Amino acid sequence: MRLKIAIRTLIFGLFVVSLLYAQTDDRALFQQGVAYYEQGQYAAAQRQFFTLLKDYPHSKILTATKLMLAKTYYKLGDYKAAMIVCHNFLQVHPHSLYLDDIHFLMGKIYYRQGDYSRAVKNWLWIQYHDSDPRLREKAVDFLFNTVVLHFTPSQLSRIEGEFDRQSFSYLQELLKARQLVEQGRNAERRSLLESLLNQYPNHPYTAITRRLLETQKGGAVASNRILILKSDEDVEKEVSTAFVLGAMYAAYEMSQRNPEQVLEIDTVQVGGSVLSAVQNTMKNLKEQPPLAVVSPLNNDQTAALALLSRYEHFPFIAPLNSQIGLAELSRYTFQINPDAAIKGEFLADYAVKELGFKTFAILAPVNDYGETIVNAFTKTVEANGGEVVETQWYYLDTQDFSRQFKAIRHKSFYISFRDSVLQVDSTLTEAQIQEQFRQYLNEELFSDESGREIDSTQVPATGIDALFIPTYPEFIPFIAPQFAFNNIQCTLLGNEGWNDPQALQKQRSYLDGLIYVTAGYFDPDSWNYKEFMTRFRLRMHTTPEIYHLLGYDIASWLMKNYRAGMSRQDFRDALEKSDLYTGIVENIRFARKSRVNSELNIIKFSLGQLIKVK
């Protein structure tokens, strides 16, 4: 076990001093890959680990490299590739010390794919083998929460054979105890859980048992304290610091207007792991129970805290996450960033109903977010009588989009041809139209006689009305010039990933007319912002930017709905029923889904200016 812990330490970059003086090329590549991974540069990390495997197939750190490559694919949302690496690992390295890490990761992949039975089986493997105790505790937590959320009693009985008799019986008792928590039957809950602890003091599920036993008064807690979790991770530290500063300024302003409505802002630092977020939150819930918890943290941590709010009965506010289904984990969870489905529906409605577009193509990332927003966009377009004629996908390490744009360009030519021939003969079948189209391409459009090269981009493709590209800011420099180069004459539609004014300005010659949807937006030239900026600077000694404004808006929304003496349950109910809040950067209202914000903006990039059109 000591050897295994030492190797784990190697994985996360804390190498022994001797390696600094006797560093081989494969270890140098590995260290750089780990550094990229820890910085959130997953595409760069993937390339580094893949290069190491290719160039050093007999490296002594081969298994560690494969594990990190699989984890990196998982972070990139490429679950198929991650699973291929995992299966190869199990086949080639059946006695590795990292088997428990691989099974833990496979459980997470199956969970993301909705295969909950296989997810549970992989986490059970960790329970029944000589695994790292910390990993075993995490696996048991994942297992329990998955069973709670996704298994009916009959579904659970179908995987009973994967458990030993004692563990399955214990799990059933814990599920009963959780129901007692929900029902407020605290005496019965305590009796049941204490009996389990006395009978099985060292069972793998003991930590869950103690957590259920230590559950506080939950919804009955009354306080004027809001706990904001701050990340100490480099990628998120700056965001959470700015968010807290904005919230504190909101509290200051409220104290000047109505001292009885002020909520005290408190913070706690957490690491980048799910365990760190849960442990620090649990400690605060026990020692100084807050009225509510706010968490501008990563997706996995936020999901875990949403589950915790379900057990501990505290309002939990997630400002940044757009995961679909997050608010469904707990009736105490409030999702301020509209989920991907709402964004897809909203943009599609606007494009069809207000812009009059009928034909669309899509280029989207291969991950949960991409699939969700594409499905919602496509269904809404079709429900409104429109048509999505082409959908292309890209991985999160893509820099060359020429293949995808070529396919979209080709389909745009086909749609132009199809619509024109159907006007002449509406009885033609799809197969007949495609055959005529092939002849058209070869004999007329791109023939030698026309003087054009095959697939010449000098010929504009005009068959589609709009191209929807949900993406992230770092992809704008790659996508914008290739969109222009392929000469696809249509309106470019986007998601909030395009809401990067500096990136747009650099690519302005390619992106004029871009229309995108975003929740958070403010006009830096507006009188409201300039007046707020002056006040904020005087008090907080810094210029407010988007995350300061988001912290301010959310804290102001919380205070607007707070009344002195409120319990958590009262506060939860007030937030759920709250009227439209109009903020500086974000509006808040739960109109489409319970506790999921539905307020969005449509922004147009025109002549180098961002214009709010809806």
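Values in this text are rule-based calculations from the coordinates and carry no lab data. This is a predicted model, so every value here is computed, not measured. With ideal geometry, Cβ positions are generated from the backbone for all residues, glycine too; neighbour counts draw on all protein chains shown.
Quick notes on this one:
- Integer Hz, Karplus 6.51/-1.76/1.60 couplings in order for the stretch 158-163, x for Gly and Pro: 6, 10, 4, x, 6, 9
- Helix 476-485 axis, angle to the chain major axis (alpha carbon atoms, nearest 10°): 20
- Peptides ranked, highest mean first, by Cβ atoms within 10 Å: ranges 225-236, 301-312: 301-312, 225-236
- Partner lysines for Lys353 [C-alpha distance under 22 Å; skip if fewer than 8 residues away on the same chain]: Lys343, Lys379, Lys593, Lys604, Lys612, Lys614
- From helices alone, the chain scores -17000 deg cm²/dmol at 222 nm; the rule is -39500 (n - 2.57) for each run of n ≥ 4 DSSP H residues, then divide by the residue total.
- Entry for log10 I(q)/I(0) by the Debye sum over Cα atoms at q = 0.06, 0.12 Å⁻¹ (calculated from the structure that is shown) out of (i) -0.39, -1.35; (ii) -0.35, -1.56; (iii) -0.34, -1.32: (i)
- Sorted from greatest to least, the principal axis extents spanned by the alpha carbons of the stretch 341-518 come out as 44, 36, 27 Å.
- In the stretch 509-580, the trypsin sites (Lys or Arg not before Pro) that fall in loop regions by DSSP, at most 16 other Cβ within 10 Å: Arg563, Lys577
- In sequence order, calculated HN-Hα J values of the stretch 101-107 (Karplus, 6.51, -1.76, 1.60; Hz; x Gly/Pro): 4, 5, 5, 4, 5, 4, x
- Simple spin-label estimate for Asp419 and Ala35 in nanometres, 7 Å along Cα-Cβ: 5.2
- Normalising the average separation of contacting C-alpha pairs (under 8 angstrom, six or more residues apart) by the number of residues puts the relative contact order of the chain at 12 percent.
- Filtered GluC sites (Glu not before Pro), the stretch 542-589: DSSP coil and at most 16 other beta carbons within 10 Å: Glu545
- Here each label is just a point 7 Å from Cα along the line to Cβ, and for Leu175 and Leu607 those points are 6.4 nm apart.
- Mean Cβ neighbour count within 10 Å, used as a protection proxy, ranking 51-60, 315-324 highest first: 315-324, 51-60
- In Hz, Karplus ³J(HN,Hα) per residue of the stretch 314-327 (6.51, -1.76, 1.60; θ = phi - 60°; x = Gly, Pro): 10, x, 10, 10, 10, x, 10, 6, 10, 4, 6, x, 4, 5
- Pairs spanning more than 31 Å between alpha-carbon atoms, out of Lys286/Lys530; Lys54/Lys411; Lys506/Lys530; Lys237/Lys560: Lys286/Lys530; Lys54/Lys411.
- Segment Asn384-Ser117, length gained on full extension (0.36 nm per residue, minus Cα span): 92.4 nm
- Modelled spin-label separation between Glu238 and Asn528, with each label point placed 7 Å from Cα along the Cα-to-Cβ direction: 2.7 nm.
- Extension gain, Ala187 back to Ser594 (0.36 nm per residue minus Cα-Cα distance, nm): 143.3 nm
- Seen against the Cα atoms of the chain and their longest principal axis, helix 234-257 is set at about 70 degrees.
- Centroid-to-centroid separation of the stretch 131-173 and the stretch 48-120 [C-alpha atoms, Å]: 23
- Of interest is the spacing of the C-alpha centroids, which for the stretch 304-334 and the stretch 577-592 amounts to 18 Å.
- Percent of Cα pairs in the stretch 2-213 per distance bin of 10 Å, from zero to the largest separation: 8, 29, 30, 19, 11, 3, 0.
- Kirkwood-based shape ratio for the stretch 142-202, expressed as Rg/Rh from alpha carbons: 0.98
- Counting every other Cβ atom within 10 Å of each residue's Cβ, Leu197, Leu575 order from fewest to most as Leu197, Leu575.
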